[in-house]
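Report on one structure; see the data block that follows.
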Amino acid sequence: MRRPTSLSRRAFCACLACGLAAPRAMASDPSVPPAVGAVEVKGTLEPHLNVAKSENHATPHVALTLDACSGHVDMRILSVLMDEEIPATIFVTARWLRKNAEALALLKSRPDLFELENHGLNHVPAIDRPGTVYGIPTAGSMEAVVSEVENGAKWMVKDGLAAPRWFRGATARYTPASITAIEGLGYRIAGFSLNGDQGASLPAGAVAKRIAAARDGDVIISHVNHPERDSGAGVAKGVLALKARGAVFVRLDTLEGREVAGMVRQ
């Protein structure tokens, strides 16, 4: 699908004026401590996503999505996925791609397993209001949101990857206006239903327990860019436990409109 590089004036104004109703629920725990004196943006939305459930409860369907924000690659996770032939959708930033040429080559060598999608240019939250989300400075304007999304995609294509169809912003939170803008650029926003590692902040045991307990239809979010943290070992262990339960792993590029999406308001 061809995507415009910028919003028309009419679309831009519509994005600024739009609003979405959403049920209230507990927000995800922050993955980054707030900066001292930071002003957190309120009223953001966290899209949720579930894949279609299995017709056989003995073989739950789950989607494993992994964020590669910056830093390096956690081979504890990738090795398990390759050895066990487990497919996953990986969201990459241009920052991560620039630093991890060898890991990128490895991912590109297994297109049967790995779907690569857009996590933005510089891992800046796709929020069009000035402030912070979980202590991370936001894009701050609609023009900056569009730049974060579109330039992340351009960098992926530059590195020989297919044009992405899904987008997940830093912190996975958005405003109603930024959701409308991103979808207007032709992307689907990748929500989730199970936070496996809380921004790679949890100990391995807690991560493994969360992921191993995934339910039929869950979309799992975790991180594959922190080999120095304990959480990655838990991701690998939890995924192995899921496979032992008979889980069927699906990628987001296989979804055909039967998934269920929703919103959680901060």
Taking H as built 1.01 Å from N, whose amide H comes closer than 5 Å to the amide H of ILE90, not counting residues under 5 places away?
LEU66, GLU115, LEU116, GLU117
If packing is taken as the average count of other Cβ atoms within 10 Å, what order do 162-174, 205-217 fall into, highest mean first?
162-174, 205-217
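How high is the FRET efficiency between ALA101 and ALA58 when r is their beta carbon distance and R₀ equals 35 Å, given to the nearest 0.05?
After rounding, the FRET efficiency stands at 0.25.
Please give the net charge around HIS72, taking every other residue with its beta carbon less than 14 angstrom from that of HIS72, where Lys and Arg add +1 and Asp and Glu add -1.
Charge balance in the 14 Å sphere: +1.
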Please compute the modelled spin-label separation between LYS209 and GLU85, points set 7 Å along Cα→Cβ, answer in nm with one decimal.
3.3 nm
Order of 187-193, 79-85 by packing, highest average Cβ count within 10 Å first?
187-193, 79-85
Multiplying the sequence separation of ALA244 and LYS154 by 0.36 nm and subtracting their Cα-Cα distance, what value in nm do you get?
28.6 nm
Could you list, bin by bin from short to long, the percent of Cα-Cα pairs of segment 62-184 in 10 Å steps?
14, 45, 30, 11, 0
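No value in this document is a laboratory result; all are computed from the given coordinates. All values derive from a computational prediction rather than experimental measurement. Here Cβ is always computed from backbone atoms with ideal geometry, including for glycine, and neighbour counts include all displayed protein chains.
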